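Since the structure comes first, as structure tokens, the remarks are kept for the end.
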Amino acid sequence: MTGFSADWLALRESFDRAAREASAAAFDLVGLARRLRGDGATLGVLDLASGTGANLRELAPRLGGAQHWRLVDHDPRLLAALPGALAAWAAAQGFAVRTQGDRLRIEGPDWQADVEVVHLDLARELAALPLAGVGLITASALLDLVSAAWLDQLLTLACAAKAALLFALTVDGRVDWTPKRAADEAVLRLFEAHQRGDKGFGPALGGRAVEAVGDRLRALGCELQRIASDWHIDARDGAQAQAMLAALIEGSAAAAREQDAGAAASVAAWSAERMQLLVRTRLRIGHADLLAVWP
């Protein structure tokens, strides 16, 4: 699986959080948590490709009540950084943090989460997911990296466990630069082709992931909600937005060059022009959040 640095995850987190405001308002997560707990006192949550715990930081306060999180990732560097990242966030929010052996407990005003870290290669060991006691499976910015076959296997496991699914920030192929440039579409086509390459899970769904997972979940009879969660990045908002734009320009150019070495000169020209325009650039990248509950 393609790795992501802790720096990149930290850079994107505020934009992710802003993008998820619409789904946070639309999804009744407190009601969902109550429904999933049933007679149990604790909601079990399995977070796939957890990185440094951004999904927990977003969802745990919204779910409320007692929670047990299993954070699954394959990257030992990110897993090592995870306790510190959670502890720093909890301290900044005024939440209590307690260490219980190799686990953390985070206590908010009306919720608490016991946090367990699981080292697992999702690309090769999906069948080994620790699903016992799990009522909710969640992931952020993952589904566009996986193949249709991998997605089918995950949904089969989720169906057997009767675990609800909350997939956040899946790209849907919409990219809108302002101001526009003639080469935007050509670079985007190369980027999209690269995005559909094998990221360790087989041929990736890329921008088709939202429709693919929606079709499969509806065919399985799930109750499904879909909410747009687009990134809106405006250089006029300051240094962090400009750093995010620069990272996206560089990342798009690198992927385009890797996809077609023969286009290196035109991609370099596009990148240089985009960097010159950076301080007056606005960018929207389409994403969607999906919530599915089994009947």
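Annotations for the structure displayed:
- Taking every protein chain into account, the accessible area of the stretch 156-295 amounts to 46 square angstrom per residue (probe 1.4 Å).
- Once the Cα atoms are used to define both axes, helix 209-219 deviates from the longest principal axis of the chain by about 40 degrees.
- Options GLY51, LEU79, LEU136, ranked by Cα towards positive dipole end of the chain, top entry (Cβ charges): LEU136
- Distance histogram in 10 Å bins (all Cα pairs of the chain, percent per bin): 6, 27, 35, 22, 9, 1, 0
- Cβ-placed point charges (K, R +1; D, E -1), dipole of the stretch 74-166 about Cα centre in debye, nearest 20: 120 debye
- Near THR138, the amide H atoms lying under 5 Å from its own belong to LEU46, ASP47, LEU48, LEU166; only residues 5 or more places off or on other chains count, and H is placed 1.01 Å from N.
- Sorted on the mean count of surrounding Cβ atoms within 10 Å across their residues, most packed first, peptides 206-212, 174-180 read 206-212, 174-180.
- Take the Cα of ARG282, go 7 Å toward its beta carbon, and the backbone nitrogen atoms of the stretch 152-190 under 16 Å from that spot belong to 175-181.
- Taking amide hydrogens as placed 1.01 Å from N in the peptide plane, the amide H of LYS199 sits under 5 Å from those of ALA204, each at least 5 positions away in sequence or on another chain.
- Sorted largest first by accessible area at a 1.4 angstrom probe radius, with every protein chain in place, the residues SER147, SER266 fall in the order SER266, SER147.
- Among the protein heavy atoms of the stretch 1-130, carbon and sulfur supply 50% of the accessible surface, probe 1.4 Å, non-protein parts ignored.
- Note on the chain: antiparallel DSSP beta bridges, both residues inside, total approximately 55 percent of the bridges counted.
- Computed with a 1.4 Å probe on the full set of protein chains, the accessible area for ASP237 sits at about 120 Å².
- Evaluated with a Cβ-only charge set (Lys, Arg +1; Asp, Glu -1), the stretch 212-280 carries a dipole of roughly 80 debye about its Cα centre, given to the nearest 20.
- Take 154-160, 81-87 and order them by the average number of nearby Cβ atoms within 10 Å per residue, most first; the result is 81-87, 154-160.
- Rounded to whole Hz, the Karplus (6.51, -1.76, 1.60) HN-Hα couplings of the stretch 175-181, x for glycine and proline: 9, 9, 8, 9, x, 7, 9
- Degrees between helix 6-19 axis and first principal axis of the chain (Cα, 0 to 90, nearest 10): 80 degrees
- If you take all other residues with their beta carbon under 14 Å from the beta carbon of TRP231, and give Lys and Arg +1 and Asp and Glu -1, the sum is -4.
- Most simply put, the stretch 54-115 has about 65% antiparallel DSSP beta bridges, counting only bridges with both residues inside it.
- On the principal axes of its alpha carbon atoms, the stretch 136-274 extends 51, 35, 20 Å, with the longest extent given first.
The values are calculated or read from the model by the stated rules, or taken from the named source; none is laboratory data. All figures in this text were calculated on a predicted structure; none of them were measured in a lab. Cβ coordinates were reconstructed from backbone atoms using ideal geometry, including for glycine residues, and neighbour counts include every protein chain displayed. Just so you know, the surface numbers come from the protein's heavy atoms only, side chains and all, with ligands and any DNA or RNA stripped out. Shrake-Rupley method; radii C 1.70, N 1.55, O 1.52, S 1.80 Å.
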